[in-house]
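Quick notes on the structure that follows.
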Amino acid sequence: MEFLYEGLITITWQQVVMWVIGAVLVYLAIAKKLEPSLLLPMGFGAILVNLPLSGVLNQTLPGIGEVTGILDWLFKVGIETSEAMPLLLFIGIGAMIDFGPLLSNPRLLLFGAAAQFGIFATVTAAVLLGFNLRDAAAIGIIGGADGPTSILVSQVLKSDYIGPIAIAAYSYMALVPIIQPFAIKMCTTEKERKIRMSYNPKSVSRLTRIIFPISVTIIAGLVAPASIALVGFLMFGNLIRECGVLKSLSESAQKELVNLITLLLGITIAASMQADKFVALDTVKIMGLGLLAFVFDTIAGASFAKFLNFFLKEKINPMVGAAGISAFPMSSRVIQKMGLEADPTNHLLMHAAGANVSGQIASVIAGGVIIGLVPGLL
């Protein structure tokens, strides 16, 4: 069904649906404060690109010819051609992360690895639902609980679903405080959630903090070369933070750089949210698969901790394993809250934070593995 306005402009029902979706995203950003720095520009951008003859998109005008739209240009330059925006955002994210809790208890790295199960389980589910391997892999990376990685992988693999994937990744990241408690309670008992964990942090030297990002970059480059852009920019940001001689740059990376790139990335992604492509059954499938990915991640991390407890004298609270997803720092805060609900004297925040930052590393490595593996299978 189409509506004609003054005989010149055609408005389709799909465009109206996208206006509603855009308005909902703006509402969630403002009223519910769910990832406002991304959902607000994405929501407003969804409205912009679905206005009839929208000037923010490339178009041909009578008597003028081809006109370049700003959002199409930003998408081509910042995402499609160079993947610059997601990578630059990783510098700021790296500068924000304190790897101290992880370095004082390195075994927490295992939970970051275990919680990436959702990626590969979701790839399988996506293929079974009829997506080709390229699109299925891009959808599966939603399970990394890392928005920039989801955008980058879907772009590198030339997926047709960048917009829905970005919406799913960031929407579910914002809903971690709702999704994770539900998933954790599905796979743990009340007794397990009450397991107490002592915290005796080891002192982490400045030298160790400096060597760590360099070492991770070298190891990732050797093990998963396709991940080096992702891991390298993340670790470079962390090196700026930890070197101790670039304090002003570290603060700029954490604030101005992250804020500016996040703002531009959010509204630029809207260029892939045009109604004729976005309003489709596949979008609904992707949203469902994204939710499944987050649930799989959480259950996998918690289940791995339960498995380790068979061999450990000092038990691990399975909720700490669930914090191995990359949604930092939301997941660790959720685990702290749930720990206090189970036992008001049990503080799990630092353990959960260590697992949480390990998930940040694991998700970008997993993204690199997907980028390196999938093209060879096509």
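So the values come out like this:
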quantity	calculated
Elements of type helices (runs of 4 or more DSSP H) in segment 246-312, at least 1 residues being within 23 Å of Gly130 (Cβ to Cβ)	275-278, 281-308
Positions within segment 151-198 being of a type in the set (Val, Ile, Thr) and part of a helix (DSSP H, G or I), in sequence order	Ile151, Val153, Val156, Ile162, Ile165, Ile167, Val176, Ile178, Ile179, Ile184
Selection within segment 129-150 - hydrophobic (A, V, I, L, M, F, W, C), in a loop (DSSP other than H, G, I, E, B) and more than 15 Å from the chain's Cα centre (by Cα)	Leu129, Phe131
Qualifying positions in segment 18-41 - without any contact (Cβ under 8 Å) to a residue 60 or more places away in the chain and in contact with an Asp or Glu (Cβ under 9 Å, 6 or more places away or on another chain)	Ala29
Selection count where residues are in contact (Cβ under 8 Å) with a residue 40 or more places away in the chain and among the basic types (Lys, Arg), scope segment 124-166	1
Yes/no for Tyr199 being crowded, with 19+ Cβ neighbours inside 10 Å, out of contact with any strand residue (DSSP E or B) (no Cβ under 9 Å at 6 or more places or on another chain) and not charged (D, E, K, R)	no
Residue satisfying condition, being surrounded by 24 or more Cβ atoms within 10 Å (Cβ to Cβ), hydrophobic (A, V, I, L, M, F, W, C), in contact with a helix residue (DSSP H, G or I) (Cβ under 6 Å, 6 or more places away or on another chain) and under 21 Å from Ser171 (Cβ atoms), within set Ala355, Ala327, Ala305	Ala327
Members of segment 23-42 that are surrounded by 19 or more Cβ atoms within 10 Å (Cβ to Cβ) and on the phi > 0 side of the Ramachandran plot	Glu35
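Each value in this text was obtained by applying a stated rule to the coordinates, not by laboratory testing. Keep in mind it's a predicted model, so treat the numbers as computed, not measured. For neighbour counting, all protein chains shown are included, and Cβ atoms are generated from backbone atoms with ideal geometry for every residue, glycine included.
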